[in-house]
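Worksheet: one structure, shown below.
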């Protein structure tokens, strides 16, 4: 029998779970949802979502298409041709990607899973920079990759000196960069991306760049992309257009890499077959009727939330330095006071005593920190959340958690 070495004798009783899935981290968003279950007053600054819905014209298009045969049928595995064509033009105009093809996926997470399945074997090396996006790690864990965790620099940028050492490992196959970064909210400069791409090219390694938050930029800093046969860019409609539940993302892959699309289609056809057609119609109309300008207007309006949440971090003093580096995405990355290395306990205490919920930094590979989201509610509600956060952090700094015996 082929692959006999992977089979183990069966024992009586309940059949087992996969060892790889058991070794995969529990999703922190699920943990937060369980923590909030049964509560009525807790405000969440945990999950990374936006508070707006898709453009009205896109929702009208969805309602009009709902009863048509198109909405209930399969489409091409890599997505509706008209959406792919529109996005290829967008990639040229907005991202400077002039020779990239597009594959539509059921969200950016599925795009990343397609890449993991297509480009890695069990035991293949993959580099993440801590703090990392937790679902990137989970995808690598559940497929048996050999994950190498590199640290970001004090400025929360990918440390290319450490990366150079990791690229010398004989099993290395993939490097992942999130730009702007989830969870730090920091934009990676063009020169860093270009240097990382050159290093990966010399090592014969894929560079995967997750650009989910490409439109979420502040302080005059702009997002850029790099393009090469060994570079694959991931994009998403979820946050930009308020389409979290519609599940539409896409890959921008090099047309110059022969056979790449054929291999990606194997993963695509096995997981969703094709992305939901109705969701793609919403995405196409959102892009056509609203586009970058519409999104940027909403991102600009987030400035109030951003500053209110940043002010709420003042009790941490220099500990909030990470938030001062933030110039993109929808997150602040914050170091907790000394003695708060068990960030999960801190998060639980803040939720129970101060009715405010955050993401523990340990879920992103760096204990003793928290991730604070600021786009998931309108400004009035965000102001209330910020007041609770500031009160909670002031109590934490004053030793309130220790005084409660937690």
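The values are calculated or read from the model by the stated rules, or taken from the named source; none is laboratory data. Predicted, not measured: the structure shown is a model, and the values here were computed from it. So basically every Cβ, Gly included, is an ideal-geometry build from the backbone, and we count neighbours across all protein chains shown.
Return a yes/no flag: does the range 342-355 have any residue that is under 24 Å from the mean Cα position of the chain (by Cα), touching a residue at least 12 places away in the same chain (Cβ under 8 Å), surrounded by fewer than 18 Cβ atoms within 10 Å (Cβ to Cβ) and outside any helix (DSSP H, G or I).
yes
Check whether at least one residue in the range 304-312 is within 26 Å of residue 189 (Cα to Cα) and either without any contact (Cβ under 8 Å) to a residue 40 or more places away in the chain or not in a helix (DSSP H, G or I) (or both), and report yes or no.
Yes, because at least one residue in the range 304-312 is within 26 Å of residue 189 (Cα to Cα) and either without any contact (Cβ under 8 Å) to a residue 40 or more places away in the chain or not in a helix (DSSP H, G or I) (or both).
Out of all the residues in the range 182-198, which are surrounded by fewer than 17 Cβ atoms within 10 Å (Cβ to Cβ) and either under 25 Å from residue 363 (Cβ atoms) or touching a helix residue (DSSP H, G or I) at 6+ places or on another chain (Cβ under 8 Å) (or both)? Break it down stepwise before answering.
Start the filter on the range 182-198 by keeping residues that are surrounded by fewer than 17 Cβ atoms within 10 Å (Cβ to Cβ), which leaves 189-191, 194-195, 198.
Matches in the range 182-198: 195 only.
Out of all the residues in the range 26-45, which are free of Cβ contacts under 8 Å to residues at least 12 places away in the same chain, surrounded by 11 or more Cβ atoms within 10 Å (Cβ to Cβ) and farther than 22 Å from residue 140 by Cα?
Once the filter is applied, which keeps residues that are free of Cβ contacts under 8 Å to residues at least 12 places away in the same chain, surrounded by 11 or more Cβ atoms within 10 Å (Cβ to Cβ) and farther than 22 Å from residue 140 by Cα, the range 26-45 yields only 33.
Scan the range 356-396 for residues that are part of a helix (DSSP H, G or I) and under 30 Å from residue 147 (Cα atoms) and report the count.
Going through the range 356-396, the residues part of a helix (DSSP H, G or I) turn out to be 361-364, 379-396.
Adding the requirement that they be under 30 Å from residue 147 (Cα atoms) leaves 361-364.
Residues meeting the conditions: 4.
Please state which one of 249, 259 is in the same structural domain as residue 101 (by TED's automatic domain parsing) and farther than 25 Å from residue 179 by Cβ. First the steps, then the outcome.
Working: 249 fails: farther than 25 Å from residue 179 by Cβ.
Just one listed residue meets the conditions, 259.
Considering only the range 352-359, I want to know if a residue exists there that is closer than 30 Å to residue 189 by Cα and at pLDDT 95 or above. If you could, list the steps in order and put the result at the bottom.
Within the range 352-359, the first condition is being closer than 30 Å to residue 189 by Cα, and the residues that meet it are 358-359.
Applying the additional criterion that residues be at pLDDT 95 or above yields 358-359.
Yes, that holds for at least one residue.
I'd like to know if the range 293-310 contains one or more residues that are surrounded by fewer than 15 Cβ atoms within 10 Å (Cβ to Cβ) and within 20 Å of the chain's Cα centre (by Cα).
Yes, the range 293-310 contains a residue that is surrounded by fewer than 15 Cβ atoms within 10 Å (Cβ to Cβ) and within 20 Å of the chain's Cα centre (by Cα).
Being more than 15 Å from residue 83 (Cβ to Cβ) and either modelled with pLDDT under 95 or buried (at least 24 other Cβ atoms within 10 Å of the Cβ) (or both) is the filter here, so list the residues in the range 241-252 that pass it. Give the derivation first.
Taking the range 241-252 as the starting set, the residues that turn out to be more than 15 Å from residue 83 (Cβ to Cβ) are 242, 244-245.
Result: no residue meets the conditions.
Counting just the residues of the range 367-401 that are closer than 20 Å to residue 325 by Cα and surrounded by fewer than 22 Cβ atoms within 10 Å (Cβ to Cβ), which one comes out farthest from the chain's Cα centre (by Cα)?
My answer is 390.
Checking the conditions here, which among 92, 116, 127 is over 30 Å from residue 25 (Cα atoms), touching a strand residue (DSSP E or B) at 6+ places or on another chain (Cβ under 9 Å), modelled with pLDDT of 95 or more and in the same structural domain as residue 268 (by TED's automatic domain parsing)? Can you show your working first?
On the way: 116 fails: over 30 Å from residue 25 (Cα atoms); 127 fails: over 30 Å from residue 25 (Cα atoms).
The unique qualifying residue is 92.
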